[in-house]
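Below is one structure, written out as structure tokens; the observations come after it.
The values are calculated or read from the model by the stated rules, or taken from the named source; none is laboratory data. Remember, it's a predicted structure, so these values are computed and weren't measured experimentally. As a convention, Cβ positions derive from the backbone with ideal geometry for all residues, glycine included, and neighbour counts pool all protein chains shown.
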Ligand SMILES: [Zn+2]
């Protein structure tokens, strides 16, 4: 096959800048992918879609008792606003928000231990807290590299429970508040909800004799704040570009749809948009191939099959037959495979997780320095081998269906109520 990890690695290098959902940089990355895909001569589209976002005009947190100190905070995107003069209330550290922690928190500013999950958010809103404080980063962060995390109250939280006043601080500052027994605080947040535009990029190589059978490829190209997002997921974007470059010159029997998704990091928004907006294409989609995280120098190849055990066994055998060292598992994966699996379409997730301590995700350390073309090659080869077997085979060699036990996990992931 005409695929080349060195050439693919150039895609990663070009995309090595912060590309947050709905930002001008994310749009620039979409346009770059569009240009690269269009160079192959196939039909390429760029599709905009709306994402719920917000602007935080200002946010501050001051401890008033038993000592006085201001700490740097970021307001959650889509946080409720406080009155202009701020909100003064008792301050309490409530650990993991267990029932006992929540007995006496009504009207108080609460500091929680870690991320504000949907389950914790619901509990805090029910308990009628006045405001939520979270901490992020590490106690070991150096001053010059201590990014103050920017979080968002996603619609999945606010749709059911409403909007809270929420701010985030550095974890070392949160620890300082707990250590010094902060008991009263003032929070000011001025925030507004706005809609932003994110983009998906699609390139289609029509099939030569089974054009109605679509193999869908996905990789998200957005990143999170402070991250160049090369491992996660310019690498997957590059794998798709190399496959497109090959199949644009060597069309397969089945139709291949290459899709680079925006806003995955905000809750799989790009792939959810595609699935919702194009039922006629989803209808024809046989299976989905997703690539998310790749190219670390030291790592190992993994395929997670969000489908039948028989499909997982097939890939395991195929890789062994070809001498490729790949760990194959049957499970769900927190990525763009989910909206497809939710439609009953089996998804195959190709990835190369980095060795512990040798790769970094979702922060400023997701850098080119930790990646290599050789690292990218593993995932490129495994994805290409499988693609060739599903794109050009007489019959599809893997089951297209998603078994009940996987569907149940998908439902849980999507917070579907029974
Ligand atoms: Zn990712």
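For residue 368, the test of being over 11 Å from residue 229 (Cα atoms) and either touching a residue at least 12 places away in the same chain (Cβ under 8 Å) or touching a strand residue (DSSP E or B) at 6+ places or on another chain (Cβ under 9 Å) (or both) is failed. Restricting 353, 339, 373 to those that are touching a residue at least 40 places away in the same chain (Cβ under 8 Å) and away from the ligand (no atom under 16 Å from the Cβ) reduces the list to 373. Here residue 20 clears all of (1) touching a helix residue (DSSP H, G or I) at 6+ places or on another chain (Cβ under 7 Å); (2) not assigned by TED's automatic domain parsing to the domain that holds residue 231 except the condition numbered (2). Those residues that are surrounded by fewer than 22 Cβ atoms within 10 Å (Cβ to Cβ) and either within 17 Å of the chain's Cα centre (by Cα) or within 15 Å of the ligand (Cβ to nearest atom) (or both), I need them from the stretch 276-311; list them, please. The answer is 302, and nothing else. Over 22 Å from the mean Cα position of the chain (by Cα) and without any contact (Cβ under 8 Å) to a residue 40 or more places away in the chain: does that describe residue 179? Criteria met by residue 179. You will find that of 265, 242, 192, 213, the residue that is away from the ligand (no atom under 16 Å from the Cβ) and part of a helix (DSSP H, G or I) is 242 and no other.
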